[in-house]
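The values are calculated or read from the model by the stated rules, or taken from the named source; none is laboratory data. On a predicted model such as this, the values are computed, not experimentally measured, just so you know. Positions of Cβ are backbone-derived with ideal geometry, glycine not excepted, and every protein chain shown enters the neighbour counts.
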Amino acid sequence: MITVGALMGMAAHLEGKGASVLDMTGMSQKNGSVTSHVKVARSPGHLRAQRIATGEADLILGCDMLTAGAQDAISKMRPGRTMAIINLHEQPPGTFAQNADWQYPAAEVRALISESAGPHGADFIDATRLATALMGDSIAANLFMLGYAWQKGRIPLSEAALLRAIELNGVAVASNKKSFLWGRRAAVDFKRVEKVATPAQAIVVQMPQSLEAVIKKRVEFLTAYQDAAYAARYEALVSRVRAAETAQGLGNKLSTAVARYYFKLMAYKDEYEVARLYTDGRFVEQLKAQFEGDFSLKFNLAPPLFAKKDGKGHLVKAEFGSWMWSAFKLLAKFKALRGGTFDIFGYTEERKIERALIIEYREMVEGLLAGLNADNLANAVELASLPEQVRGFGHVKKLQWRSSARKRRVCWAPASTNAPRRKVGVRSAGPDPSLTLT
């Protein structure tokens, strides 16, 4: 964003015009916002304050939709004057790191920008997707948008001056010029550019899945994950819940929750599973679809048996070469050892807890069924859905487990009024996962 502002400032200088560029970087290095107030005038003498006043923006070039929808940018818009050109790409901000349930407010932000810019005052384009497809790098999106805005007549600078500014910048000159050109083309014939960027592909329509389809898919997955007997234990519990709900005419909310979250606990991603997922052929297909020619893989791993630890006791990842690919193939063949005497990974604290959680969840659900009725159904569904809050790996998962355990203790008694009281919680926490591919 700073580069785009600098390019416009240099182009204005080359044309003998006045220009001021005020960059507001804030917490940009931590996924925060970056804004640039750019003013272009006939001569330097026509410039006053560097900041754009309220309602005085002629153009909002929103390379990030959240930033364009924030108060600072919205306050500069005025219907009838401002043209807002907004990138629809949903780039999550730093908030997502603190709140795993945060949802990108795309519809709300888009509505706010449209209202602030007025009728026909906003163009929304997925510049990141198009620029990445056309140029092979998402960083081309900002120059793509600059070209789009210029072709729309919203930047009072000549094409020659802007291209010369790109040359003087001396970084990725050819690529930046081409990105600028593609943006211009998109402004003239967007559908044609989109067709070039995204060749015709089969359209896959995702229909809502029935409970039967959800169960079937997870049974198949758990069979591949471990074996048919393991999948049968999953299916048996879900069937008991469905029978209890059906008998009382309570619908299938609890059954759906158990089908999803009992599966989540049973399909914990241990060393065998990571190895299986990367060597069952699908990952290789994805790589070949994304990259051409020869390529090599490197793995960042923290094997619990010999990985180093930092000052907080967390395992530290180290880089391993592509030879680990062969190790993964071998390891995937030993998934039958999972949970048994010869499972060397099963003796780690984290793996013990993951297996204990499966048992505790099953006992909790069986306890809920003993006293299930219309009055406590909502609370039962909430309890059965608590595994959704347990995310991540290692020490991150540890914190999630503790939080989930506290909530279980609070919800358990009212949800099981007619059932034996029991305490369902996490006894301890474990180290980082041993396998992570980047």
Item to check | Counted residues, region 370-387 - those being in a helix (DSSP H, G or I) and either among the polar types (S, T, N, Q) or touching an Asp or Glu at 6+ places or on another chain (Cβ under 9 Å) (or both) | outcome: 2
Next on the checklist: Regarding region 263-282, can at least one residue be identified that is without any contact (Cβ under 8 Å) to a residue 40 or more places away in the chain and assigned to a loop (DSSP other than H, G, I, E, B)?
Outcome noted: yes
Item to check | Residues of region 335-352 satisfying the condition of being outside any loop (DSSP other than H, G, I, E, B) and charged (D, E, K, R) | outcome: LYS335, GLU349, GLU350, ARG351, LYS352
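Determine if region 19-27 includes at least one residue that is surrounded by 17 or more Cβ atoms within 10 Å (Cβ to Cβ), under 29 Å from ALA172 (Cα atoms) and in contact with a helix residue (DSSP H, G or I) (Cβ under 6 Å, 6 or more places away or on another chain).
If we filter region 19-27 for residues that are surrounded by 17 or more Cβ atoms within 10 Å (Cβ to Cβ), which is where we start, we get 19-21.
Keeping just the survivors that are under 29 Å from ALA172 (Cα atoms) gives 19-21.
The next check asks that each one be in contact with a helix residue (DSSP H, G or I) (Cβ under 6 Å, 6 or more places away or on another chain); those that pass are 19, 21.
Within region 19-27, one or more residues are surrounded by 17 or more Cβ atoms within 10 Å (Cβ to Cβ), under 29 Å from ALA172 (Cα atoms) and in contact with a helix residue (DSSP H, G or I) (Cβ under 6 Å, 6 or more places away or on another chain).
Just to verify a result, which residue in region 101-129, among those that are hydrophobic (A, V, I, L, M, F, W, C) and within 19 Å of the chain's Cα centre (by Cα), is nearest to ALA70 (Cα to Cα)? Lay out the reasoning, then the answer.
Just the residues of region 101-129 that are hydrophobic (A, V, I, L, M, F, W, C), to begin with: 102, 106-107, 109, 111-113, 117, 122, 124-125, 127.
Then keep just the ones that are within 19 Å of the chain's Cα centre (by Cα); that gives 102, 106-107, 109, 127.
On the way: TRP102: 17, ALA106: 12, ALA107: 14, VAL109: 8, ALA127: 19 Å.
Among those residues, the one meeting the criterion is VAL109.
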Checklist outcome for this item: Out of (1) in the same structural domain as ASN376 (by TED's automatic domain parsing); (2) loosely packed, with under 15 Cβ neighbours inside 10 Å; (3) under 30 Å from ASN373 (Cα atoms); (4) in contact with a helix residue (DSSP H, G or I) (Cβ under 9 Å, 6 or more places away or on another chain), the one VAL284 does not meet is (3)
Checklist entry - GLU220: acidic (Asp, Glu), exposed (fewer than 13 other Cβ atoms within 10 Å of the Cβ) and either touching a strand residue (DSSP E or B) at 6+ places or on another chain (Cβ under 8 Å) or not in a loop (DSSP other than H, G, I, E, B) (or both), yes or no? => result yes
Checklist outcome for this item: Per the filter on region 187-227, residues at pLDDT below 90 and of a type in the set (Val, Ile, Thr) are THR198, ILE203, VAL204, VAL205
Checklist entry - Quick check, is ILE358 in a helix (DSSP H, G or I) and modelled with pLDDT under 85? => result no
Checklist entry - For region 223-262, how many residues are touching a residue at least 60 places away in the same chain (Cβ under 8 Å), closer than 19 Å to LEU372 by Cα and not in a helix (DSSP H, G or I)? => result 1
Checklist entry - Would a scan of region 332-348 turn up a residue that is polar (S, T, N, Q) and buried (at least 19 other Cβ atoms within 10 Å of the Cβ)? => result yes
Next on the checklist: Tally up the residues in region 115-132 that are surrounded by fewer than 18 Cβ atoms within 10 Å (Cβ to Cβ) and in a helix (DSSP H, G or I), please.
Outcome noted: 2
Checklist entry - Out of (1) surrounded by fewer than 19 Cβ atoms within 10 Å (Cβ to Cβ); (2) modelled with pLDDT under 95; (3) not polar (S, T, N, Q), what's the single condition that is false for MET135? => result (1)
